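Trainee: Before I ask anything, let me first share the structure, which is written out below as C-alpha cells.
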Amino acid sequence: MARNLDTTTARPATLAIHGGERPDPATGASSPNIVMSSTYVTDKPEGFSASELTEDSPFVYGRWGNPTVRSLEEKMALLEGAEACACYGSGMAAASAILLSLLSAGDHVILPDVCYAGIAELGRDTLPRFGISISKVNTSRAEDVAAAMRPETKLVFLDTPCNPLIRLTDIAAVAKIAHDGGALVAVDNTFASPIGTNPLSLGADLVMHSLTKYVGGHGDAVGGCVCASAELIRRLTIEATVHHGGVLSPFNAWLISRGAATLPLRMKAHQEGSMALGRWLEDHPSVEAVMYPGLPSHPQHNLAATQMNNFSGMMSFRLKGDGKAAAKKIAANLKIAHYAVSLGHHRTLVCYMPTDDLLASSFPLDTEQEADYRRYAGDGVFRLSVGLEDPEDLMADFDAVL
Ligand SMILES: *Cc1c(COP(=O)(O)O)cnc(C)c1O
C-alpha cells in the first residue's frame, strides 16, 4: 500500500490533496486519522533531548511533534516550495516564532509601516522590550527599504498584499536589498495564499501564513505556519516550538489539512468572484475607489500580474461620503455577507477600517507615510474578503445596502 507521490513533478492541485498524506498502513484508511496522543510509548529507555530533534526522530511528546501536525507541515512545505515547515497555534504565534527566534538584543528589524495590526503592535510594544530596534518602512517603495538598512539589520519583514490597503511589495527587489545588507527576508503570505505567491521562489528566506484564513478556508480553525530552509526551521523548532510552546492542536491541523485540499480550487473561485464584484463596485455610484490587484485600476497592477499567479479574494473599497455611517447601515442590513473581522473563508466577510482610529491604535506613521496611507484609504476603507457565494447574489446583497 506504500504510495510515494512524486513531489518533484506533482502540481499544486495534486500536492494540496495528497501532499503529506498517505493511506494508513495499519488499516488502509484513505482519509487521515487524527492522532490526539500527547505522549508516545518507547522501548528505548535512553534519554532524549528536544535539542537533538530531527525530521526523522521518533515522536516523543506532543509539544515536540505530532503526526497529524507533521502531515500538514509537509503539505505546506510542498505548496510553498520549501524544505521544511513548522506549524503554530495561530498566525501571530508563527509571526512571533520568526521575530523572537531569529532576533536578539542589539539587532534591528525592518517592518512594514502598514501590515496586519497584531504584527505592527508586536513590533511596537514587544520587540523594544527585548532590546530589538525596529524601523517602520513603506516597503512598497524598495528605495525606502534600502535607506532604512543598518549594519545591525538582521531581518526585513514584508506583508503583501498588505492589510488593509492591498498595497503590494516587490519581494524580489526587496530581497536583493536585504541580502546585499546581510539580512534575512520573511514574508507574511496570508493574503496571497501559496496559490497566489510563493515568496521563497522570489528570494525570500521565510514565509508565514495565518492558516486561519485561506489555507483552512472555512472559518473554523485558528492556526499558523512558517516555511523555510530545514536549517531555519530547526532554529524555530528548538526556540519557538519547544521553548515558547505555541503549538498547533492535532484537531486543528486535521481541519486545516482538510481545507487545504481544496485551496487551489477555492482560490480560482475567489479570484473569479472578486473580479466580478470588483468591477461591479467600481461602477457603483456610491463607490469612490476599489483596490484589487486584479483590476487594471490598481496602481501596482503590473507588479501584481508578475508576482501573483492568482489575485486572491482580498479587496478594499472606499465609499463617497461618511464611511462610519455607511458601516452601521451595512452591518445592520447585509443578508448574505457577514460583517466581521478575519478573511479567506468561503463566506464573504466585510468590515470597516476607519483611518483615524487605525492610525491611532496600530500604525503610528510619519508624515509622508500617513499621506500615502490616506491616498489609498481616505477616511477609511471597507476590507472585503470575497467568499465563494454566487457573485450575482453578493452584488444584490451589497446593492441593497450601499
Ligand atoms: C490574521 C492574520 C494574521 C494573524 O493570524 P491569527 O491566526 O489571527 O493569529 C497575521 N497576518 C495576517 C496578514 C493576517 O491576516
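The values are calculated or read from the model by the stated rules, or taken from the named source; none is laboratory data. The structure presented is a predicted model; accordingly, all values stated were derived computationally and were not measured. Cβ placement follows ideal geometry from the backbone for every residue including glycine, while neighbour counts extend to all protein chains displayed.
Trainee: Among the listed residues 15, 5, which satisfies the condition of being out of contact with any strand residue (DSSP E or B) (no Cβ under 8 Å at 6 or more places or on another chain), at pLDDT 95 or above and either closer than 27 Å to residue 269 by Cβ or assigned to a loop (DSSP other than H, G, I, E, B) (or both)?
Mentor: Only one candidate passes the filter, namely 15.
Trainee: Scanning for something over 26 Å from residue 139 (Cα atoms), of a type in the set (Gly, Ala, Ser), assigned by TED's automatic domain parsing to the domain that holds residue 280 and buried (at least 22 other Cβ atoms within 10 Å of the Cβ), does the stretch 309-316 turn up at least one residue? Show your work before the answer.
Mentor: Taking the stretch 309-316 as the starting set, the residues that turn out to be over 26 Å from residue 139 (Cα atoms) are none.
No, every residue in the stretch 309-316 fails to be over 26 Å from residue 139 (Cα atoms), of a type in the set (Gly, Ala, Ser), assigned by TED's automatic domain parsing to the domain that holds residue 280 and buried (at least 22 other Cβ atoms within 10 Å of the Cβ).
Trainee: For the stretch 52-84, which positions are part of a strand (DSSP E or B) and either among the small types (Gly, Ala, Ser) or buried (at least 17 other Cβ atoms within 10 Å of the Cβ) (or both)?
Mentor: Across the stretch 52-84, the qualifying residue is only 84.
Trainee: Could you give me the residue pairs with C-beta distances under 9 Å whose first residue belongs to the stretch 29-47 and is outside the structural domain of residue 65 (by TED's automatic domain parsing), whose second residue is at pLDDT below 95 wherever it lies, and which are 6+ apart or on separate chains?
Mentor: The qualifying pairs do not exist here.
Trainee: Can you find a residue that is among the basic types (Lys, Arg) and farther than 14 Å from residue 352 by Cβ anywhere in the stretch 313-325?
Mentor: The answer is yes, given that some residue of the stretch 313-325 is among the basic types (Lys, Arg) and farther than 14 Å from residue 352 by Cβ.
Trainee: Could you list all residues from the stretch 118-133 that are part of a loop (DSSP other than H, G, I, E, B) and on the phi < 0 side of the Ramachandran plot?
Mentor: 132, the sole residue that qualifies.
Trainee: Next up: Just one of the numbered conditions (1) in contact (Cβ under 8 Å) with a residue 40 or more places away in the chain; (2) under 23 Å from residue 55 (Cα atoms) is not true of residue 263; which one?
Mentor: (2)
Trainee: Going through the stretch 85-117 one residue at a time, which ones are more than 15 Å from the ligand (Cβ to nearest atom) and either under 13 Å from the mean Cα position of the chain (by Cα) or part of a strand (DSSP E or B) (or both)? It would help to see each step written out before you state the result.
Mentor: Step one: of the stretch 85-117, the residues more than 15 Å from the ligand (Cβ to nearest atom) are 85, 101-110.
85, 108, 109, 110, listed by residue number.
Trainee: Read through the list (1) outside the structural domain of residue 214 (by TED's automatic domain parsing); (2) within 16 Å of the ligand (Cβ to nearest atom); (3) of a type in the set (Val, Ile, Thr); (4) crowded, with 22+ Cβ neighbours inside 10 Å, then give the number of the only condition that residue 290 fails.
Mentor: (2) is the only condition that residue 290 fails.
Trainee: Just the residues that are among the charged types (D, E, K, R) and either surrounded by 20 or more Cβ atoms within 10 Å (Cβ to Cβ) or not assigned by TED's automatic domain parsing to the domain that holds residue 109 (or both), please, taken from the stretch 145-160. Spell out the reasoning first.
Mentor: Taking the stretch 145-160 as the starting set, the residues that turn out to be among the charged types (D, E, K, R) are 150, 152, 154, 159.
159 - this is the single residue of the stretch 145-160 that is among the charged types (D, E, K, R) and either surrounded by 20 or more Cβ atoms within 10 Å (Cβ to Cβ) or not assigned by TED's automatic domain parsing to the domain that holds residue 109 (or both).
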